[in-house]
Amino acid sequence: MKKNPLIKIDFLKTPTDNSKDLAGLKRFWKNAEHLINKREKHFDDVWKNGTEEEIFAELVFCLFTPQSKALSCWAAVNELAEKNMIFDSTDKQIANVISKVRFRNNKAKYVVEARKFFTISGKMKIKEKLSSFGSIYELREWIIKNIKGIGYKEAGHFLRNIGIGKDLAILDRHILKNLKMLGAINGIPKTLSKKTYIETEKKMQDFCKKSKIPMGHMDMLLWCKESGGIFK
């Protein structure tokens with residue numbers, strides 16, 4: 001694995017968008033599309049050319065993200081990589097490094113458990129395993145069932161970041177807020193059970209078809225709408 005897998009935020013030169021209708025969102029998309037295409041190409045490259053270890057590092061990032069800032073989580077992944085600790089360390093050693101990640105003790109244990117799960121005969125085999133599924137939805141269910149610390153949002157985030165989950169939703173509070181504001185959903189769910197998540201994802205997919213904005217672009221577009229930049 002590269003010692004430093006850092007990826008920066010690409011910021012728009014134009015101001016962030018505050019439109020509340022589809023027409024305004026589509027105008028903003030035209031401004032942000034070049035950055036989204038660039039980042040989508042990066043995700044595609046992770047899957048096509050990335051090593052087993054680089055794919056696993058993306059899973060580590062998504063294990064860190066619940067209730068933590070994405071930038072802090074990716075910085076933590078970088079620090080672990082620089083110290084050669086992602087694949088050769090205990091959960092306590094990991095927890096000592098990822099101080100800016102919330103619930104770091106539990107998340108460090110999740111990393112070690114996932115590492116053991118995907119290691120066969122001393123070698124990381126995550127990419128090989130993920131390639132064995134015919135359906136992205138089947139794969140998502142399998143990940144949620146087998147990897148502790150991963151729910152629907154994190155599984156979708158992981159699969160998007162490795163270039164094979166473009167049609168999956170990553171439903172966090174920012175995305176839900178914007179979907180409601182744009183009329184894609186009637187209200188923000190109080191909780192996201194499996195049933196509610198999948199129903200909301202379908203509404204988001206329908207909204208993407210209506211708007212003619214690809215599902216793989218919508219999450220990054222709404223993130224950019226909030227922050228002015230494109231990240232992960």
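Any read-out appearing in this document is the output of simple, stated calculations on the displayed coordinates, not a laboratory observation. The structure displayed is predicted, hence computed values, not measured ones. Ideal geometry is used to build each Cβ from the backbone, glycine not excepted, and the neighbour counts take in all protein chains shown.
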| request: Return one number: the angle in degrees, 0 to 90 and rounded to the nearest 10, between the long axis of the Cα atoms of helix 104-118 and the longest principal axis of the Cα atoms of the chain. | output: 70
| field | Point-to-point label distance, residue 146-residue 181, nm (Cα→Cβ direction, 7 Å offset) | value | 3.9
| field | Virtual spin-label span in nm between residue 93 and residue 174, 7 Å along Cα→Cβ | value | 3.3
| Given a Förster distance of 25 angstrom, what is the FRET efficiency for residue 84 paired with residue 231, based on the Cβ-Cβ distance and rounded to 0.05? | 0.50
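Which entries in 38/123; 166/203; 48/145 show an alpha-carbon gap greater than 20 Å? Each step should come with its number before you reach the end.
On the way: 38/123 31 Å; 166/203 15 Å; 48/145 25 Å.
Listed pairs above 20 Å: 38/123; 48/145.
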| said: So if each residue of separation counts as 0.36 nm, and I subtract the Cα-Cα distance between residue 196 and residue 137, what length gain in nm does that give? | reply: 19.7 nm
| With no solvent and one point on each alpha carbon, what is the Debye value of log10 I(q)/I(0) for the range 113-177 at q = 0.16, 0.19, 0.22, 0.23 Å⁻¹? | -0.55, -0.75, -0.96, -1.03
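Beyond 25 Å between alpha-carbons counts as too far, so tell me which of 125/225; 92/116; 41/127; 100/190 fall in that bin.
Details: 125/225 37 Å; 92/116 16 Å; 41/127 18 Å; 100/190 27 Å.
Flagged as over cut-off: 125/225; 100/190.
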| task | Would you kindly state how much longer the chain becomes between residue 38 and residue 103 on full extension, computed as 0.36 nm times their sequence separation minus their alpha carbon distance, in nm to one decimal? | result | 20.2 nm
| request: Rank 70, 87, 183 by how far each Cα sits towards the positive end of the charge dipole of the chain (+1 on Lys, Arg Cβ; -1 on Asp, Glu Cβ) and give me just the farthest. | output: 183
